[in-house]
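*Asks:* If you scroll down you'll find the structure; I have some questions about it.
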Amino acid sequence: MKEKSTSRRDFIKKSALAAAAFSIVPRFVLGGQGYLAPSDHLTKGIIGVGAMGRGHFSYAGTKTVAICDVDTRHLAIAMKQLNDTGVKQLSDFRELIQLPEVDIVHIATPPHWHGIMAAEAARAGKDIWCEKPMTRTIGEGKRVKEAVQQHGRIFRLNTWFRFKDNFYGMAVPVKKIKKLVNSGMLGWPLKVTVSRHTGFDWKFYWVGKENLVPEQVPSELNYDMWLGPAQYKPYNAHRVHQTFRGYWDYDGGGLGDMGQHYLDPIQYFLGKDNESPVSVEVDAPQQHSDAVGTWRRIEYTYADGCKIILDGEGKDKDVPYIDGPNGKLYPGFKSDIPDMERKLATYPEPEEQVVDFVEAVKKRQKFALNEDNGYRSCTLVNMGLASVRLGRSLKFDPEKQLFVDDEAANRLIDQPMRGPWTI
């Protein structure tokens, strides 16, 4: 009896260990990329392991199996944090996206790389988690959307306020704002003002420096690969890593950094996920050709009269966040509508969204913030940046996704890439 009991315990122990090992086996071992057992962890490869990339190592339901960076110092820090010698270290993202053991490609690089990497990952049969902004140009966003849909991939853009957490100065989740807008109590059309007075900081410290002095490229950095599709310019430490946002070739300053965080939820609660504004007006100083500067005001107008105002200088101190013909909504979800909260409780809740990316991948369901609506809200950002760079207001065709009668503006939609990079 003792021998039988011992044998049984050994069998249970071995079975448990085998089951634990099986739970993180990547899907390719279990029958190709079309098969994924519900109990499996998803495997992921992360491109760009600076601070942002390293912050996503332990996302629930996933296991990091590969990392990639053009800076060997970043790779060393990441490997120490992971404390897993089985994780592959790579310096070329093309190798990572071809790894059969990778299910999800997480892109945490500067934005000038997002479009190429996302499109290539989709073509390699990978699902994609991409940091914001989705792409640096409108044209790159179109190509990513096409690639994701052509290859049947699941795409997530990493800004979450349309479905999670309190929304900056509003002190409530966006779902509650969406419910108020849907109720009709504010009337229509609506004007939304995004400024420091309504709780949104435009981070104007993300500006570039003019006339940078060339410096020696650090031995740990492959600067040519860091630049990738961007025009070659001599290395200076201010161009790369944390301060890259201040240069047009790689991002778009505070608007490039925070634009999708702020504007995607507005697009959602206004019901504009399938359309774009017809015009963008700008008040800004003349911009340098290389270094991003600041702006005073950007105003988007939709065909139905809805407006989004980006107040960069904080000119309107007492402005409501949402201004409608029948009522106003102020920071802290305060309103001039009498007994607004009680009335709002009688209206239906907004439609539920798919907000768990792991489940979306397993069940092949479109994620809440995906290649379609993410492309539209990124277009808001890139329309504004085009207007700022050119120093003039622009008309836009929402169907053709082109600027109207402005050749220079349309050249900013599809910008040239340095060879051999294409999208």
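*Asks:* Which of rounded, prolate or oblate describes segment 190-283 when judged by the alpha-carbon gyration tensor and an a/c cut-off of 1.5?
*Replies:* On the way: a/c = 2.83, a/b = 2.27, b/c = 1.25.
Verdict is prolate for segment 190-283.
*Asks:* Let me ask something else about it. Calculate the length of the line joining the C-alpha centroid of segment 258-329 to that of segment 103-133, in whole Å.
*Replies:* 27 Å
*Asks:* Follow-up question, since we're still on this one. Residues of the chain: accessible area per residue at 1.4 Å, in Å²? Please list the in-between numbers first.
*Replies:* Working: 18770 Å² over 423 residues.
Per residue, the chain has an accessible area of 44 Å².
*Asks:* With a/c under 1.5 counting as rounded, go ahead and sort the chain into rounded, prolate or oblate using the C-alpha gyration tensor (a ≥ b ≥ c being the square roots of the eigenvalues; past the cut-off, prolate if a/b is larger than b/c, else oblate). Show your work: numbers first, answer last.
*Replies:* Values: a/c = 2.11, a/b = 1.32, b/c = 1.60.
Since a/c reaches 1.5 but b/c is at least a/b, the shape of the chain is classed as oblate.
*Asks:* How far is helix 174-183 tilted off the main Cα axis of the chain, in degrees rounded to 10, range 0 to 90?
*Replies:* Relative to the chain, helix 174-183 is tipped by roughly 50 degrees.
*Asks:* Right, next: Counting only pairs 8 or more residues apart or on different chains, how many lysine pairs in segment 295-387 have their Cα atoms under 26 Å apart?
*Replies:* Final tally of qualifying lysine pairs is 11.
*Asks:* Also, I was wondering about something else. Could you give the angle, 0 to 90 degrees to the nearest 10, between helix 138-150's Cα long axis and the longest principal axis of the Cα atoms of the chain?
*Replies:* The angle comes out at about 40 degrees.
*Asks:* Sticking with this structure for a sec: Determine, for each peptide in 59-66, 218-225, the mean count of other beta carbons within 10 angstrom over its residues, then list the peptides with the highest first.
*Replies:* Details: 59-66: 18.4, 218-225: 13.4.
Output ranking for 59-66, 218-225: 59-66, 218-225.
*Asks:* Then there's this: What are the ³J(HN,Hα) values, in whole Hz, obtained from phi via the Karplus relation 6.51 cos²θ - 1.76 cosθ + 1.60 with θ = phi - 60°, for each residue of segment 217-231 in sequence order, with x given for Gly and Pro?
*Replies:* For segment 217-231, the Karplus-derived couplings read 6, x, 5, 7, 10, 8, 5, 4, 6, 4, 5, x, x, 6, 4 Hz, x marking Gly and Pro.
*Asks:* So what is the 222 nm mean residue ellipticity for the chain from helices alone, if each DSSP H run of at least 4 adds -39500 (n - 2.57) and you divide by all residues, rounding to the nearest 500 deg cm²/dmol?
*Replies:* Details: 13 runs with 133 residues, N = 423.
So the helix-based figure for the chain works out to -9500 deg cm²/dmol.
*Asks:* Name the residue, out of Tyr262, Tyr375, Tyr235, whose mean-square fluctuation peaks in a Gaussian network model built on the chain with Cα pairs under 10 Å.
*Replies:* Taking springs between Cα atoms under 10 Å, the residue moving most is Tyr235.
*Asks:* Ignoring ligands, DNA and RNA, please state the percent of accessible area on segment 69-192 from carbon and sulfur, probe 1.4 Å. Walk me through the numbers on the way to the answer.
*Replies:* Details: 2100 of 4360 Å².
Carbon with sulfur: 48 percent of the solvent-accessible area.
*Asks:* Kindly express, to the nearest 10 degrees and within the range 0 to 90, the angle between helix 371-390's C-alpha long axis and the longest C-alpha principal axis of the chain.
*Replies:* With rounding to tens, the tilt is 50 degrees.
*Asks:* Continuing with this model, one more query. Amide H of Gly61: which non-local residues (sequence gap of 5 or more, or other chain) have their own amide H closer than 5 Å, using H built in the peptide plane?
*Replies:* Amide H neighbours of Gly61, under 5 Å, 5+ apart: none.
*Asks:* Ranking request for peptides 134-144, 82-92: highest mean number of other beta-carbon atoms within 10 Å first, then the rest in descending order. Don't skip to the end; give the middle numbers.
*Replies:* On the way: 134-144: 25.2, 82-92: 13.0.
Listed from highest to lowest mean packing, they are 134-144, 82-92.
*Asks:* Restricting everything to alpha-carbon atoms, can you work out Rg to Rh for segment 310-423 with a Kirkwood hydrodynamic radius? The partial results should precede the final answer.
*Replies:* Values: Rg = 20.4 Å, Rh = 18.8 Å.
For segment 310-423, the value is 1.08.
*Asks:* Would you work out if segment 240-372 is rounded, prolate or oblate? Take a ≥ b ≥ c from the square roots of the eigenvalues of the alpha-carbon gyration tensor; rounded if a/c is under 1.5, else prolate when a/b is larger than b/c, oblate otherwise.
*Replies:* oblate
The values are calculated or read from the model by the stated rules, or taken from the named source; none is laboratory data. Just so you know, these numbers come straight off a predicted model, no measurement behind them. Don't worry about glycine lacking a Cβ; one is built from the backbone with ideal geometry, like all the others, and counts go over all protein chains shown. The protein model used for the area step is the full one, side chains on, heavy atoms only, and it has no ligands, DNA or RNA in it. Shrake-Rupley method; radii C 1.70, N 1.55, O 1.52, S 1.80 Å.
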